[in-house]
Amino acid sequence: MFFKKPSGIEFLIVGLGNPGRQYEHSHHNAGFLALDHLADRLGCPVTRAKFQALTGQAQLEGHRVLLMKPQTFMNLSGNAVGAAARFYHLAPAQVLVLYDDIALSPGRLRIRPSGSAGGHNGIKSIIAALGSQEFPRVRIGVGERRGGEADLADFVLSDFSAADRKEIFARFDDICAAASLIVEGRISEAMNRYNTR
């Protein structure tokens, strides 16, 4: 059940990443980049500093949403998400998270209504902050590290290859469409449409 509060914010849409120009086009910032694309589509600058994040308010399918890019660095993303969810009295089901997934090939999407962290520290932090893993998410495939990247951290903090970037960016319109469906309560439809190529 969704709770409409006096603030009018009905949904929190979060893109995960790390702040700083050096990380701007890294694998770990796929969530930031997808959120930027959604913000552009909605004509909503995500520039207001609030909840240890950059935020912006917009209308999506008639629902008032808060777009958020936590500025806490990935492993502490829950600090920002939890603060906003408490402030607006949002249930976990009203928090949509966009983030990178190294288990999926570049450009693959996996939409789920809930789930474990799967080893992703940003999601682990959000689960701890919300006290629940029952929140929708869009996992954005960024590919597995290759032979040249022995360390996982090196890979997720490295920039996309030109080919991978093309595959990932080509799905941003689909992510926006999926977010619209999820905000409308049509996550099954979003899964059926966008969990395949």
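Among the residues of segment 161-176, just one is surrounded by fewer than 18 Cβ atoms within 10 Å (Cβ to Cβ) and within 17 Å of Gly43 (Cβ to Cβ), namely Asp173. Elements of the type strands (runs of 3 or more DSSP E) sitting completely within segment 94-145 and holding at least 3 residues that are touching a helix residue (DSSP H, G or I) at 6+ places or on another chain (Cβ under 6 Å) and buried (at least 23 other Cβ atoms within 10 Å of the Cβ): these cover 95-101. Can you give me the number of residues within segment 27-78 that are in contact with a Lys or Arg (Cβ under 8 Å, 6 or more places away or on another chain), among the aliphatic types (A, V, I, L, M) and open to solvent by 10 Å² or more (accessible area, probe 1.4 Å)? Final tally of qualifying residues: 2.
So, in segment 1-17, of the ones that are in contact with a helix residue (DSSP H, G or I) (Cβ under 7 Å, 6 or more places away or on another chain) and either open to solvent by less than 10 Å² (accessible area, probe 1.4 Å) or assigned to a helix (DSSP H, G or I) (or both), which residue ends up modelled with the lowest pLDDT? Ranking the candidates gives Gly17 first. Candidates in segment 122-178 are the residues that are among the aromatic types (Phe, Trp, Tyr) and within 21 Å of Glu24 (Cα to Cα); of these, the one that is modelled with the highest pLDDT is Phe172.
The values are calculated or read from the model by the stated rules, or taken from the named source; none is laboratory data. Please read these numbers as outputs of a predicted model, since none were measured by experiment. Note that each Cβ is placed from the backbone with ideal geometry, even for glycine, and that neighbours are counted across all protein chains shown. Heads up: the accessible areas ignore ligands, DNA and RNA and are worked out on the full protein's heavy atoms, side chains in. Shrake-Rupley method; radii C 1.70, N 1.55, O 1.52, S 1.80 Å.
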